[in-house]
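Okay, so here's the structure we're looking at.
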Amino acid sequence: FQGGDTCEYLLSSGRFLGEKVWQPHSCMMHKYKNSEAKDCLIDKHIVFIGDSRIRQLFYSFIKLINPQVKEEGNKHGNIPFEDKSASIKVDFLWYPEVNGSMRQRIKSWTEGSVAKPHIIVVGAATWSIKIHNGSNEALAQYKINITSVAPLLEKLAKSSDVYWVLQDPVYEDMLSESRKMITNEKIDAYNEAAVRILNSSSRNSKAKVKVFSVSKLIAQETIMKSADGLHLPESSRDTNAMILMNVYCNKIMKPIDGSCCQPQPPLTLIQKIAFCFFTLSIIGYLIISLMHRNNYRKNKPCTDLESGEEKKPAINTPNVSTLEMLLHSFCKLGLIMTYFYLCDRANLFMKENKFYTHSSFFIPIIYILVLGVFYTENTKETKVLNREQTDEWKGWMQLVILIYHISGASTFLPVYMHIRVLVAAYLFQTGYGHFSYFWIKGDFGVYRLCQVLFRLNFLVVVLCIVMDRPYQFYYFVPLVTVWFMIIYATLAIWPQIVQKKANGNCLWHLGLLLKLICLLTCIYFLSYSQGTFEKIFSFWPLSKCFELNGNVYEWWFRWKLDRYVVFHGMLFAFIYLALQKRQMISEGKGDPLFSNRLSNVLLFISIVSFLTYSIWASSCKNKTECNELHPSVSVVQILAFILIRNIPGYVRSVYSSFFAWFGKISLELFICQYHIWLAADTKGILVLIPGYPMFNVLVSTFIFVCVAHEISQITNDLAQIVVPKDNSALLKRLLCIAGFFSGLHLFSAMQDQSRH
């Protein structure tokens, strides 16, 4: 650990990912749009001083402000640029040598009340080498001249950002005869002189001339593509300009995916309170454990939130009090949250940009799929979508989604569309699982409602507090929470129709279908009435939960993208359970689901449908077009998969325990990846071990999976304490939770007021 100044890394080191993507050492670069560049540089004056290479950098820089600019004008003269809409002024001053003329111009900014430029970019040497034929006398004179200029630049650095651009190497084989004296040996000598002399009088001062040496590294990789052996290709110049923009603008604009040069955000009031709470929990647990000096072990199965199976209550040993269990859970959670904060809020660990290649996505996918096959076991039951099978389904989907995120595969449209189906499949299981539970059990009690809501939202609420992020930021949890409430409301409102009641009279089945039709009508109306949807979720306190960046558009987009798939899951559960009740399907071990002929026909149709969807998804032209059709057609591949997985008796009676294990902690994996596997709120990759990408992924993945598993255990433990079965105790807990959120809202309001 060498301190938190990532600007030094950005200006001096990095590597190429592929051919054109530059990755600074230890931090992430943001790709600035024209509007962002203007917002950052509004009312600013920037000056580039130097030779033709600096002129190239000048043009690349102003194209970030206005891409329509053409490289015109006197090549050996001053070139002005002004953007009147943002009051930005950028000047190029032609001073190809470090001499008295350059010194006089720089000195003029240090005297009197002359307005100083906000950013000054200086660099020159190749003309001195060329004019004086690479003589040693010219190098000696260069050292004298830069020695006279250095104090002036250091003085300007106290009020402005001053950058000295080191000379890039040349491609000697391509140089014209008039430039043959410009050798890399000479360039290195001039650069060495500049680095040694600059800041020599202010080594202990914070105001320093920043040495822009990263351009050398970029040129070493790309100078072979130069048109004349001297000037960089356009892509390399653009990279240098983007680095310059990141150095200056990141601390102003604070982009999520631009960690370079960003200071560590200050702790908020709520974060400080959370820190004190976890600290007291750790101290309290240590005191109690020292007093009791006995350990306990709990071995409880993880609960599938969408399953219809009831969670068995924790078995407390007589010598373990509820308080001790509570403090033990919060003690572990406090240590885990400290790790979360250090990974993605403190400038302790490094972060890098994602870079997609086909191999980085498909090779890990093939590896885990093959690995999953080696863990094949027999299921306890052979019903359609039995417990082991749904765990397996969620497990392999979650692993694929994790690889999708870390590889940056969202830029490849066919992969993006198939991942959208996997997200839809999770929601399909939400509809299927919760409908099945309410239909079979008929349990609409407050206990069941609170248990599910607690298990879904506990981790996200804690992360909102510790990581200072809005609830909607973790979009998947609000999505499954709202859909659970919709399913609950649809089935719980009068008349409550459950399987036991419907068995006595077939008309109740019709009544349930009418309920589902009403639900579908509401979904259809809201999906085509954005204004109504936004009004509903803009009312307080819903607005506090579903707003992101000041509006609920992101929430509307996420909801609309998979608006029908939960309904499809509920309808599938209803049809399947009705067929099962009438014994129209065969679920015996090794038996096909239907008659041999019908099973073969359905299997053939399912395989064709599955492949047809994949072909369609691979031929989409753009995301907007695909997303419009996705809500209506995603169910095709989901149903095709279910039939392929369940029609053959042998396939239905086996499962992969490897995938099922991950499926049991799939929710925790999905949420934890935001901060301790990925970085910068999923925009980058966490780097625990720099310089060894594969080893880094192995180590960070191991920690990430262990943490997700531990959080799943903590959630299960706390759910038994916070949500008891006794109604009077549960009511007291709910009042405490209401008080907690009221306090949270009060502190949040105080926090917002102090920010403004």
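The values are calculated or read from the model by the stated rules, or taken from the named source; none is laboratory data. What you are looking at is a predicted structure, and each value in this text was computed from that prediction instead of being measured. Here the Cβ positions follow ideal geometry from the backbone for every residue, glycine too, while neighbour counts run over all protein chains shown. In case anyone asks, the SASA skips ligands and DNA or RNA and just uses the protein heavy atoms, side chains included. Shrake-Rupley method; radii C 1.70, N 1.55, O 1.52, S 1.80 Å.
Would you confirm whether any residue within region 120-132 is surrounded by fewer than 17 Cβ atoms within 10 Å (Cβ to Cβ), assigned by the TED database to the domain that holds F58 and free of Cβ contacts under 8 Å to residues at least 12 places away in the same chain? There is at least one residue in region 120-132 that is surrounded by fewer than 17 Cβ atoms within 10 Å (Cβ to Cβ), assigned by the TED database to the domain that holds F58 and free of Cβ contacts under 8 Å to residues at least 12 places away in the same chain.
Of all the criteria given as (1) part of a loop (DSSP other than H, G, I, E, B); (2) under 30 Å from Q753 (Cα atoms); (3) touching a Ser or Thr at 6+ places or on another chain (Cβ under 9 Å), the one not satisfied by Q264 is (3). Among residues of region 176-191 that are at positive phi, none has a Cβ under 8 angstrom from a residue that is in a loop (DSSP other than H, G, I, E, B) and open to solvent by 40 Å² or more (accessible area, probe 1.4 Å) at a sequence gap of 6+ or on a separate chain. Whenever a residue of region 662-683 is not assigned by the TED database to the domain that holds K354, it has no partner that is acidic (D, E) and in a helix (DSSP H, G or I) lying with C-beta atoms less than 7 angstrom away and at least six residues away or across chains.
Can you pull out the residues in region 734-756 that are farther than 12 Å from I270 by Cβ and in contact (Cβ under 8 Å) with a residue 60 or more places away in the chain? The answer is L734, and nothing else. If you go through region 686-705 one residue at a time, do you hit one that is at pLDDT 95 or above, among the β-branched types (V, I, T) and under 30 Å from R448 (Cβ atoms)? Scanning region 686-705, I find at least one residue that is at pLDDT 95 or above, among the β-branched types (V, I, T) and under 30 Å from R448 (Cβ atoms), so the answer is yes. Residue by residue through region 152-179, note down the ones that are over 13 Å from I120 (Cβ atoms) and either among the hydrophobic types (A, V, I, L, M, F, W, C) or exposed (fewer than 14 other Cβ atoms within 10 Å of the Cβ) (or both). Hits for region 152-179 are L166, V170, D173, M174, L175, S176, E177, S178.
From the list T430, T411, T382, the lone residue that is in contact with a Phe, Trp or Tyr (Cβ under 9 Å, 6 or more places away or on another chain), among the β-branched types (V, I, T) and touching a residue at least 60 places away in the same chain (Cβ under 8 Å) is T430. Among the residues of region 494-517, are any within 29 Å of the chain's Cα centre (by Cα) and either in the same structural domain as E554 (by the TED database) or open to solvent by 70 Å² or more (accessible area, probe 1.4 Å) (or both)? Checking region 494-517: not a single residue is within 29 Å of the chain's Cα centre (by Cα) and either in the same structural domain as E554 (by the TED database) or open to solvent by 70 Å² or more (accessible area, probe 1.4 Å) (or both). Among residues of region 559-589 being at pLDDT 95 or above and charged (D, E, K, R), the one that is most open to solvent (accessible area, probe 1.4 Å) is K560.
Out of region 357-393, which residues are β-branched (V, I, T) and part of a helix (DSSP H, G or I)?
Keep residues of region 357-393 that are β-branched (V, I, T), which gives 357, 363, 365-366, 368, 370, 373, 376, 379, 382, 384, 390.
Matches in region 357-393: I363, I365, I366, I368, V370, V373, T390.
Within region 590-609, if we keep just the residues that are of a type in the set (S, T, N, Q) and farther than 29 Å from N503 by Cβ, the residue that is least open to solvent (accessible area, probe 1.4 Å) turns out to be S606. Counting only helices (runs of 4 or more DSSP H) that fall entirely inside region 490-583 and contain at least 2 residues that are free of Cβ contacts under 8 Å to residues at least 40 places away in the same chain and among the hydrophobic types (A, V, I, L, M, F, W, C), the qualifying elements are 507-527, 530-536, 553-561, 565-581.
Regarding region 86-94, can at least one residue be identified that is in a loop (DSSP other than H, G, I, E, B) and of a type in the set (D, E, K, R)? For region 86-94, residues in a loop (DSSP other than H, G, I, E, B) and of a type in the set (D, E, K, R): absent. Out of all the residues in region 214-228, is one or more open to solvent by 40 Å² or more (accessible area, probe 1.4 Å), within 27 Å of I685 (Cα to Cα), in contact (Cβ under 8 Å) with a residue 40 or more places away in the chain and among the hydroxyl-bearing types (S, T, Y)? The answer is no; no qualifying residue exists. Listed here are the helices (runs of 4 or more DSSP H) enclosed by region 646-756 that have at least 3 residues being among the charged types (D, E, K, R) and open to solvent by less than 60 Å² (accessible area, probe 1.4 Å), and there are none.
Considering only region 70-88, I want to know if a residue exists there that is within 26 Å of L139 (Cα to Cα), over 33 Å from the mean Cα position of the chain (by Cα) and among the small types (G, A, S). Scanning region 70-88, I find at least one residue that is within 26 Å of L139 (Cα to Cα), over 33 Å from the mean Cα position of the chain (by Cα) and among the small types (G, A, S), so the answer is yes.
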